[in-house]
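S.K.: Below are the structure tokens for one structure; questions will follow.
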Amino acid sequence: MAINMRGESLISINDLSQEKIWQIFDLSSSLKYKLMKGEPHQLLAGKTLGMIFSKPSTRTRVSFEVGIYQLGGIGLYFGPNDLQLKKSESIPDTAKVLSRYLDGIMIRTFEHQDVIDLAKYGTIPVINGLTDLLHPCQVLADLFTIFEKKKILKGLKLAYIGDGNNMAHSLLHGCSKVGMNISIASPKGYKPKKQIVENALLNAEYTGSKIEILDDPVRAVKNADIIYTDVWASMGQEGESDKRKKIFKNYQVNTKLVKNAKEDYLFMHCLPAHRGDEVIDEIADSPNSVIFDEAENRLHVQKAIMALVM
Ligand code: CP
Ligand code: NVA
């Protein structure tokens with residue numbers, strides 16, 4: 001039985017039930033197949049998605065804009081200087097005005113609370129395209145990619161090596177929702193937020209996921225099915241780049257580290273990658289790497305999300 005998600009915002013994977021996650025994946029697969037076969041799938045004909053970007057983007061921008069177009073709608077891009085938002089107009093007023101024109105909003109910004117407020121004061125669905133706290137669309141595409149490759153999610157072990165950032169947080173939510181085990185290795189002071197780890201532990205009580213927050217990357221990677229990493233300095237932290245390079249130097253995904261994983265491990269990265277820092281070319285370009293399939297799946301999964309909520 002289909003679950004009605006119309007009008008719902010997608011702000012955090014933690015708000016989704018397991019059934020809704022699988023519904024998104026089912027539709028993603030069917031839309032991916034239809035696109036490949038050239039079959040029409042204009043599920044959002046005549047609809048408009050507003051896309052607000054306070055930070056740069058390659059994948060999120062292009063996949064949402066192409067995605068809404070393929071669904072028969074149109075995307076409107078608003079860069080950091082395009083709206084009155086926050087400078088001279090509050091989030092509640094912006095949300096109310098945009099709700100009179102648009103059918104949905106995708107937003108990438110710094111403060112997570114801004115996305116929550118946009119959804120709270122507007123009357124149309126809001127999709128989180130990354131905040132400092134979370135990156136749910138990326139992790140839904142990641143889980144979908146893992147399922148395509150491994151044909152299973154429950155019981156797999158994902159090792160995340162690096163900063164306890166938005167990616168680590170959404171991976172904690174995502175893995176714990178679908179019954180995957182997740183081991184995170186980060187230096188002291190750069191661990192994922194306690195609140196997010198608690199969310200994951202609570203989910204794990206129902207799904208049986210094992211959650212580990214470690215210092216040691218070798219231990220995290222032991223027998224992993226998936227090795228995941230992300231940049232050491234995220235957007236907005238560019239000024240800390242040099243300092244972080246020193247702190248994270250033992251958290252590089254390299255040939256020596258991956259030897260601890262299963263032989264058929266998948267290497268994943270949300271991209272953009274800083275090659276030579278968190279990962280070396282030899283791993284990012286190896287046969288185990290699925291980074292470009294992962295990037296492609298942003299398109300299919302986000303089309304499914306838009307079709308379900310708009
Ligand atoms: N992975 C991701 O969200 O990429 P962009 O920053 O290019 O959108
Ligand atoms: N952690 C990275 C993810 C980019 C997709 C950032 O926030 O910049």
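S.K.: Could you list all residues from region 43-93 that are within 16 Å of ligand 2 (Cβ to nearest atom) and either among the acidic types (D, E) or surrounded by fewer than 16 Cβ atoms within 10 Å (Cβ to Cβ) (or both)?
M.R.: P56, T58, V62, P80
S.K.: Assuming S28 fulfils every condition listed in (1) touching a residue at least 40 places away in the same chain (Cβ under 8 Å); (2) of a type outside the set (K, R); (3) open to solvent by 40 Å² or more (accessible area, probe 1.4 Å) apart from one, which condition is it?
M.R.: Every condition holds for S28 apart from (3).
S.K.: Quick one: count up the residues across region 1-25 that are open to solvent by 40 Å² or more (accessible area, probe 1.4 Å) and of a type in the set (F, W, Y).
M.R.: 1
S.K.: Based on this model, can you work out whether L257 counts as over 30 Å from R108 (Cβ atoms) and aliphatic (A, V, I, L, M)? Working first, answer last.
M.R.: Values: over 30 Å from R108 (Cβ atoms): yes; aliphatic (A, V, I, L, M): yes.
So L257 passes the test.
S.K.: Can you tell me how many residues within region 105-134 are farther than 13 Å from G50 by Cα and open to solvent by less than 20 Å² (accessible area, probe 1.4 Å)?
M.R.: Residues flagged as farther than 13 Å from G50 by Cα and open to solvent by less than 20 Å² (accessible area, probe 1.4 Å) within region 105-134 amount to 6.
S.K.: Continuing with this model, one more query. Quick check on region 232-256: of everything there that is farther than 26 Å from L140 by Cα and among the hydrophobic types (A, V, I, L, M, F, W, C), which residue is nearest to ligand 1 (Cβ to nearest atom)? Even if it seems obvious, please write down each step before you answer.
M.R.: Applying the first criterion (farther than 26 Å from L140 by Cα) to region 232-256 yields 238-250, 255-256.
Those still in the list that are among the hydrophobic types (A, V, I, L, M, F, W, C) too: 247-248.
Values: I247: 23, F248: 19 Å.
Once the filter is applied, the top-ranked residue is F248.
S.K.: Then there is this: Of these, I291, I227, which one is farther than 19 Å from R59 by Cα and either open to solvent by less than 60 Å² (accessible area, probe 1.4 Å) or under 22 Å from the mean Cα position of the chain (by Cα) (or both)? Spell out how you get there, then give the answer.
M.R.: Details: I291 fails: farther than 19 Å from R59 by Cα.
Just one listed residue meets the conditions, I227.
S.K.: What's the number of the condition V218 fails, among (1) under 21 Å from S289 (Cα atoms); (2) within 22 Å of the chain's Cα centre (by Cα)?
M.R.: (2)
S.K.: Residues V258, V253: which one is in contact (Cβ under 8 Å) with a residue 60 or more places away in the chain, β-branched (V, I, T), open to solvent by less than 50 Å² (accessible area, probe 1.4 Å) and over 18 Å from H169 (Cα atoms)? Steps first, answer last, please.
M.R.: Details: V258 fails: in contact (Cβ under 8 Å) with a residue 60 or more places away in the chain.
Of V258, V253, the one residue that is in contact (Cβ under 8 Å) with a residue 60 or more places away in the chain, β-branched (V, I, T), open to solvent by less than 50 Å² (accessible area, probe 1.4 Å) and over 18 Å from H169 (Cα atoms) is V253.
S.K.: So, restricting to helices (runs of 4 or more DSSP H) that lie completely within region 38-121, which ones have at least 3 residues that are charged (D, E, K, R) and within 20 Å of the chain's Cα centre (by Cα)?
M.R.: On the way: elements: 59-70, 91-101, 112-121.
Passing ranges, in order: 59-70.
The values are calculated or read from the model by the stated rules, or taken from the named source; none is laboratory data. Just so it is clear, the model here is predicted, and its values are computed rather than measured. Note that each Cβ is placed from the backbone with ideal geometry, even for glycine, and that neighbours are counted across all protein chains shown. Only protein heavy atoms, including side chains, enter the accessible area calculation; ligands, DNA and RNA are left aside. Shrake-Rupley method; radii C 1.70, N 1.55, O 1.52, S 1.80 Å.
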